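K.L.:
My questions will all concern the structure given below.
We did not get these values from a lab; they are worked out from the coordinates using the rules stated. Remember, predicted model here, so these are calculated numbers, not experimental data. Virtual Cβ from ideal backbone geometry, glycine too; neighbours counted across all protein chains shown.
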Amino acid sequence: MMRRALAILLFSLAALPAWARNADGTLGVLLTPNNGRPVVVTAGGAFDAMLSEEAGLRLAAADAIYTLPAHMEALPGHGFIARCNVPPETPPGTYALEALSASGQPDRNAHAVTVIAAAPDAYAVAHIAGPAIRDDASAQQLATALAAAQQKATLALVTGPLTANGSPEELQRLIAVLDAAPLPVGISPGPPERSPVFERYFGPVVWSFRYGRDGYLLFNTSDPAPAPDLGQDWARYELQRRALKPCRWVLGATYRLDPRQGLRSIVTLFADDPLDLIFSGEGDAGSNTGALAGNRAVFTPAFSAAPEGFTLSLINPSAIATPRTPK
Amino acid sequence: MARDDTVRRIMLNPSAVDPTMPKGFPQARRYAIFAPMFSLFTIIALLGAAPSPAQVAFLSGTCPADLCVYVHDAATGQNARVGRGQADGAPVWSPDGAWIAFETFEGARRVIALVRPDGTDARLLPCASDWNTHPAWAPGSNALVYIAGALESARPVVFDLDTGTETSWGGEQRGLIQAVWAGKDSLLAVGLQPSKGRLATEVFQVSETAVVPLLRGLVSSKSRYAIHAIEAKPGLDGLCFESNDGGDREIYAVLSARRRGLIDVSNHRAADWNPRWAPNGKWIAFESFRGGRRGVYRVNVDTVLVQPVCVGPNFDAWAPSWSSKGDRLAYVSTESGAPLVYTSDARGGQKSAGIGAGALNDAPAIRPEKGGRK
């Protein structure tokens, strides 16, 4: 398997094909990480990539390419998971993840991997809620807000509704904004882009990643309650929450908190392993009560109503300082 | 919580208790005696192999929003769409197998629906509340209990199918978020408890007019744990539930007939949840993450020996459901890459082909058979 992956990798370096997602913006060979399902890793660290086909992998910046030694395992039915090792000499920065599959299919997920020099003790995270991209103007608003956030924060979380209607055109505009974002961005879907639309463009509706010593759990409350109690989401939460247990802080982000979201979800997220802080959009009027069960949350006003377009929280070793939010 | 020393000893050294080996027999002699018997048992077991269940109700759809109740017929291999496709909830067979109850959306309202297994006679119950969940049949198939309202406002409501009337149970108590029948005139319910800074629930016995805490004498510290997924023991002489007592989620059983108190029957550092009591009361099927992924296991409540039913290193299995005779289990597994419903014998053998009608398949329930416990 390793030898085959190496062969693909060498081929990819020689071929230099045209890289891209699929023409309609949906994910191709590379599933995760991507520009809404980011990986933040130190040089010399490792991360997992999910692929629809076996492929050689590399990190690409504007002026450099770093090949990724990867151990690839087949998943049941279809797909592969690749354990990628980031070369120690990789300089800090934001990279595209590029792949060339065994069938010769090239793919590129821009803005998928951020390499940091060291885990920061303290940093700021910006939360943007409900950008609801409809047209070029609203996409530009989100780009402006992310640029402004980058002046104060090193990480951004954007919760749904990400688009107005979940149309392919709106999602392609969102992808373009995320591709050009000046900082790593984790996103969580809202009703317009709920599963399976979200899965086609960004992969799993449940995603966790580490930022330095902290863990972030992006979860999904966009599907109609209480349906999320069924299926695989909550097992993924349990597994990912467990994987994040060693983290200094574990923070969550979602479209809204709803007391009707189902007992399994409430038990898993808020009772067994309470999150240290939850970033939530305001959601439906009056729906943000009850489900918290003592968990601490930041309710960010909808994008259009927020003065700066985002709220800022300061993450320190001893505390998480959050902004005042409307009650 | 109270611990049973015998149970703990067995858990620490499972090989110490092997019910197939009588004490005092030298090893070689034991095998000499039991080898022919084993062969005979094997032949008998093969002759009496549990057949595939005739019908399995399950949910299927392309996404959570269009999940719909289907009934799979083993004889024809066909899946019949019998639900509404409005984010339908898990199907629940009436004990006589004549009806299926499930949650569904009617506009923005979450209501309870009934339908015959062949898709006829579909109806929505005239629920007074706009949010109704967790239907559970009364033992005689003539009434349903479900939860009206969410979290703090939740209360059990009993719908009498003969009179077509709803009755709120539990007096003025609210925050009863799940209920199952514990007899003709009694419910077991999980209720919210006031607790500083975190979700806490407790088990209650509920009648039409009163609510009584059930485990106060058995748990060491009340109002601190989040109990969920309560099940009454067949025969109604016990109950089981999951709780985060001890730090992670475990399955607990209360066996009142044997006066053994409260037992952690699944003890493991990984989460165990969603217990389903077998009709004979001897086994509990449940989901566990002890193998690294979510798998279906069963535990013998007498010996607390845990056996895997459907477990794999790179796929998930969940939603176990017993046949009414207790000889087969239905569950969902992603072993083929997609979530499909499977049935197998209680040990995980004689597995059926995957059953599915869409990209998502979930919440299987085997139709009760004549002769099975109801």
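K.L.:
Ranked highest first by the average count of other Cβ atoms within 10 Å around their residues, in what order do A:241-248, B:280-287 fall? Write down the numbers at each step before the final one.
P.N.:
Values: A:241-248: 15.4, B:280-287: 22.1.
Output ranking for A:241-248, B:280-287: B:280-287, A:241-248.
K.L.:
Still on this model: Only Cα pairs under 8 Å and at least 6 apart count here; give the relative contact order of chain A as a rounded whole percent. Walk me through the numbers before you get to the answer.
P.N.:
Values: 781 pairs, mean separation 53.0, N = 327.
Relative contact order here is 16 percent.
K.L.:
Further question: Angle, helix A:136-152 long axis vs. longest principal axis of chain A, Cα atoms, 0 to 90°, nearest 10?
P.N.:
In chain A, helix A:136-152 runs at an angle near 90 degrees to the longest axis.
K.L.:
Turning to a different aspect of this structure: Between B:A210 and A:A321, how many nm apart are label points set 7 Å from Cα along the C-beta direction?
P.N.:
Placing both labels 7 Å beyond Cα along the Cβ direction yields 5.6 nm.
K.L.:
Can you tell me the length gained on complete extension of the stretch B:A359 to B:K282, counting 0.36 nm per residue apart and subtracting the Cα distance?
P.N.:
Roughly 24.2 nm would be gained on extension.
K.L.:
A:A117 label point, 7 Å along Cα→Cβ, cut-off 16 Å on backbone N: hits in region A:138-157?
P.N.:
What the label zone holds, given the 16 Å backbone N cut-off, is A:154.
K.L.:
Right, something else. Counting other beta carbons within 10 Å of each residue's own, what order do A:E54, B:E103 fall into, fewest first?
P.N.:
So the residues, fewest neighbours to most, are A:E54, B:E103.
K.L.:
Moving on. Quick one: order B:S256, A:S52 by neighbouring beta-carbon count within 10 Å, fewest to most.
P.N.:
With the sparsest Cβ surroundings first, the list reads B:S256, A:S52.
K.L.:
Compute the distance in nm between two label points, each set 7 Å from the Cα along the Cα-to-Cβ direction, one at B:E106 and one at A:E73.
P.N.:
4.8
K.L.:
Expressed in nm to one decimal, what extension gain is obtained for the pair B:T76 and B:K184 from 0.36 nm per residue of sequence separation less their Cα-Cα distance?
P.N.:
35.2 nm
K.L.:
Would you calculate the separation in nanometres between label points at B:N300 and B:E369, each defined as 7 Å from the Cα along the Cα-to-beta-carbon direction?
P.N.:
Result: 2.3 nm between the two label points.
K.L.:
Further, regarding this structure: Using the crude model of +1 on Lys and Arg Cβ and -1 on Asp and Glu Cβ, and no other charge, please compute the dipole size for region B:51-151 relative to its Cα centre, in debye to 20.
P.N.:
In debye, rounded to 20, region B:51-151 gives about 100.
K.L.:
How far is helix A:168-179 tilted off the main Cα axis of chain A, in degrees rounded to 10, range 0 to 90?
P.N.:
80
K.L.:
Here is a further query. Under the rule a/c < 1.5 gives rounded, and otherwise a/b versus b/c splits prolate from oblate, where does region B:268-345 land using the Cα gyration tensor? Kindly include the intermediate steps, with their values, before the conclusion.
P.N.:
Values: a/c = 2.36, a/b = 1.23, b/c = 1.91.
Verdict is oblate for region B:268-345.
K.L.:
Which order do B:R328, B:R116, B:R110 fall in if you start with the one that has the fewest other Cβ atoms within 10 Å? Mind dumping the intermediate values first?
P.N.:
Numbers: B:R328 21, B:R116 14, B:R110 25.
Taking fewest neighbouring Cβ atoms as first place, the list is B:R116, B:R328, B:R110.
K.L.:
Can you tell me the orientation of helix A:2-15 relative to chain A, as the angle in degrees between its alpha-carbon axis and the longest Cα principal axis, to the nearest 10?
P.N.:
Roughly 80 degrees, rounded to the nearest 10.
K.L.:
Just to verify a number: FRET efficiency for A:A305 and A:E89, C-beta to C-beta distance, R0 = 41 Å, to 0.05?
P.N.:
Efficiency computed from Cβ-Cβ geometry: 0.35.
K.L.:
Rounded to the nearest 0.05, what FRET efficiency do B:D130 and A:S167 give with R0 = 30 Å and r taken as the Cβ-Cβ distance? Could you check? Walk me through the intermediate numbers first.
P.N.:
Details: r = 31 Å, r/R0 = 1.02.
Once the sixth-power term is evaluated, E becomes 0.45.
K.L.:
Calculate the FRET efficiency for B:R174 and B:D237 from the Cβ-Cβ distance with a Förster distance of 41 Å, rounded to the nearest 0.05.
P.N.:
Working: r = 29 Å, r/R0 = 0.71.
Efficiency for this residue pair is about 0.90.
K.L.:
Could I ask something else about it? Cut-off under 14 Å on the C-alpha distance; same-chain residues fewer than 8 positions from B:K184 excluded. Which aspartates and glutamates are left, in chain and number order?
P.N.:
Within the straight-line limit of under 14 Å, B:K184 reaches these aspartates and glutamates: B:D160, B:E208, B:D237.
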